[in-house]
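The values are calculated or read from the model by the stated rules, or taken from the named source; none is laboratory data. Not measured: the values here are computed from a predicted model. Reconstructed Cβ throughout: ideal geometry from the backbone, glycine too, with neighbour counts over all protein chains shown. These area figures cover heavy atoms from the full protein model, side chains too; ligands, DNA and RNA do not enter into them. Shrake-Rupley method; radii C 1.70, N 1.55, O 1.52, S 1.80 Å.
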Amino acid sequence: MFEQFYPYEYARSVFGIDYDKLYKLGYRGLIFDVDNTLVHHGDPSTEEVDAFLLGLQSRGFGIVLLSDNETSRLESFTAKTHIPFIPDAGKPSPMGYEAALAKLGLERSEAIVIGDQMFTDIRGANASGLASILVHYVTVPGQHIGKRRYVEKALLALWRKNKRLYQRLGSVERPS
């Protein structure tokens, strides 16, 4: 019942993922969520995020941003990088994920979804037959977290106890 919400892997942030390992595993496409995955909700991209995404591209990864945000938000976010994006994705519907795969020109087995929400990003990846990495959401000091985050925390605890579905790729988090 809860399996639809379980990621393949978990990482503390997008910056802590072992992308070399993902490449060795055959992944060539990265489908990133934006808000609370790459930056705090509504914030513009940063020099660090821009360099990070461009660095992944230079290493041979195709990248697409998949977001429920409007086009204008994503145009602004990608102004310096020109990373392709899918706006108004309607997550967790598979339609946006299918569009991202088409934009990447890859098979399902070659792409992985990276996002911060089990109910949208991860559920949509699972419904689309895509591997996924759940990252801890980006926070700012004094931020109030919603009830959904507490439910996600409980689901994450259940996932960690599931021997069949926990760390399906082996840990992809770089050692600290």
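What to note about this one:
- Counting residues in the range 25-47 that are open to solvent by 70 Å² or more (accessible area, probe 1.4 Å), over 29 Å from P141 (Cβ atoms) and part of a helix (DSSP H, G or I) gives zero.
- Among the candidates S76, S58, residue that is among the hydroxyl-bearing types (S, T, Y), out of contact with any His (no Cβ under 8 Å at 6 or more places or on another chain) and over 21 Å from F15 (Cα atoms): S76
- Residue within the range 111-123 that is of a type in the set (D, E), more than 16 Å from D33 (Cα to Cα) and surrounded by 15 or more Cβ atoms within 10 Å (Cβ to Cβ) present: no
- Scanning the range 67-108 for residues that are of a type in the set (D, E) and open to solvent by less than 50 Å² (accessible area, probe 1.4 Å) yields no hits at all.
- Matching residues, the range 122-159, being free of Cβ contacts under 8 Å to residues at least 24 places away in the same chain and among the basic types (K, R): K147, R149, K153
- Hey, E70 farther than 20 Å from A99 by Cα and either touching a Phe, Trp or Tyr at 6+ places or on another chain (Cβ under 9 Å) or modelled with pLDDT of 95 or more (or both) or not: no
- Residue match in the range 139-150 (condition: closer than 20 Å to V49 by Cβ and buried (at least 19 other Cβ atoms within 10 Å of the Cβ)): no
- Meets criteria (modelled with pLDDT under 95, open to solvent by less than 40 Å² (accessible area, probe 1.4 Å) and either among the aromatic types (F, W, Y) or within 21 Å of G26 (Cα to Cα) (or both)) for G170: yes
- Within the option set G62, G42, being of a type in the set (G, A, S), at pLDDT below 95 and within 17 Å of the chain's Cα centre (by Cα) holds for one residue only, G42.
- Residue match in the range 4-15 (condition: more than 14 Å from the chain's Cα centre (by Cα) and either of a type outside the set (S, T, N, Q) or outside any helix (DSSP H, G or I) (or both)): no
- G96 vs. criteria over 22 Å from E48 (Cα atoms) and free of Cβ contacts under 8 Å to residues at least 40 places away in the same chain: yes
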